[in-house]
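Please read the structure below before turning to the comments.
The values are calculated or read from the model by the stated rules, or taken from the named source; none is laboratory data. Just so we're clear, the structure is a prediction, and the values are computed from it rather than from any experiment. No Cβ is skipped: glycine too gets one built from the backbone with ideal geometry, and neighbour counts run over all protein chains shown.
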Amino acid sequence: MKIIRKTEIDTNILEVGDQMEIELSGLGKFTATVHRVTDQGALIIFDDCVTERPMNEDDTKDGGFWDSDLCKWMNEELIEAFPQEIVPAMHVYENGSRLRIPTYGEMFGHDDYYCRFEHDKDTRLPLMADRKNRICMSPEDEYCWYWLQNRYRGVGSAAYFAFVTSSGNANRYNASYSYGVRPAFVIE
């Protein structure tokens, strides 16, 4: 009989598929999975959303994710909820951020719907090819929709960003609407 057995180990070498439990002060315990390992570090994405927030309170897509209210909140307030032993090991992006959300490319690759969104250089993460890994739950244990970084480029879409639906598909909606926040970060 073939079985898959998960065991807990203490290691400094992370591999794709490794999972860890992260307690966020005031928000609870969450599981996060390693999705990519490069020379720069390991990309870790939470398996579920930690809360719901709008991308931008004033319903704009100006500046994209990196200039959004959501990015600011994640890197000023949410970061404070992380265990302090993790934060110094996080990669710091050019704008000073340590936390982000996934991109369209990481979730879906460059499929037929991708051309409607702001382009990224990311390839689909291997674990995200399986729809069940794109589906996640809210803190209230309900299936939820969650934001992606990419702005919508279509006509009449002044304030749309990409998101993942509760069934694991791509869509887009207004930046002022509250959708799930599925944090991602790189451990160097």
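Listing for the model above:
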{"item": "Conditions (1) polar (S, T, N, Q); (2) touching a His at 6+ places or on another chain (Cβ under 9 Å); (3) farther than 14 Å from PHE185 by Cα: number failed by GLN40", "result": "(3)"}
{"item": "The range 46-94, residues that are free of Cβ contacts under 8 Å to residues at least 40 places away in the same chain, outside any helix (DSSP H, G or I) and of a type in the set (Val, Ile, Thr)", "result": "VAL92"}
{"item": "Unmet criterion (only one of (1) charged (D, E, K, R); (2) exposed (fewer than 13 other Cβ atoms within 10 Å of the Cβ); (3) closer than 21 Å to ALA32 by Cα) for GLU52", "result": "(2)"}
{"item": "Count - residues of the range 122-163 that are under 14 Å from GLY64 (Cβ atoms) and over 14 Å from the mean Cα position of the chain (by Cα)", "result": "7"}
{"item": "Neighbours by Cβ (under 8 Å, 6+ apart or cross-chain): first from the range 1-16, part of a loop (DSSP other than H, G, I, E, B); second at pLDDT below 80", "result": "none"}
{"item": "Selected residue [within 21 Å of ARG134 (Cα to Cα), modelled with pLDDT under 95, over 16 Å from the mean Cα position of the chain (by Cα) and not β-branched (Val, Ile, Thr)] from GLU8, GLU15", "result": "GLU15"}
{"item": "Tally, over the range 26-66, of residues that are closer than 23 Å to GLU142 by Cβ and either in contact with a helix residue (DSSP H, G or I) (Cβ under 7 Å, 6 or more places away or on another chain) or not aromatic (Phe, Trp, Tyr) (or both)", "result": "17"}
{"item": "Any pair with Cβ under 6 angstrom, 6 or more apart, that starts in the range 170-188 at a residue that is under 19 Å from ILE135 (Cα atoms) and without any contact (Cβ under 8 Å) to a residue 60 or more places away in the chain and ends at one that is surrounded by fewer than 18 Cβ atoms within 10 Å (Cβ to Cβ) and among the hydroxyl-bearing types (Ser, Thr, Tyr)", "result": "ASN171/THR165"}
{"item": "Meets criteria (β-branched (Val, Ile, Thr) and surrounded by fewer than 19 Cβ atoms within 10 Å (Cβ to Cβ)) for THR103", "result": "no"}
{"item": "Filter result for the condition that a residue is of a type outside the set (Gly, Ala, Ser) and either under 21 Å from MET128 (Cβ atoms) or in contact with a strand residue (DSSP E or B) (Cβ under 6 Å, 6 or more places away or on another chain) (or both), over ASP48, ASP39", "result": "ASP48"}
{"item": "Per-region count, the range 25-44, residues among the β-branched types (Val, Ile, Thr) and either in a loop (DSSP other than H, G, I, E, B) or farther than 18 Å from GLN84 by Cα (or both)", "result": "4"}
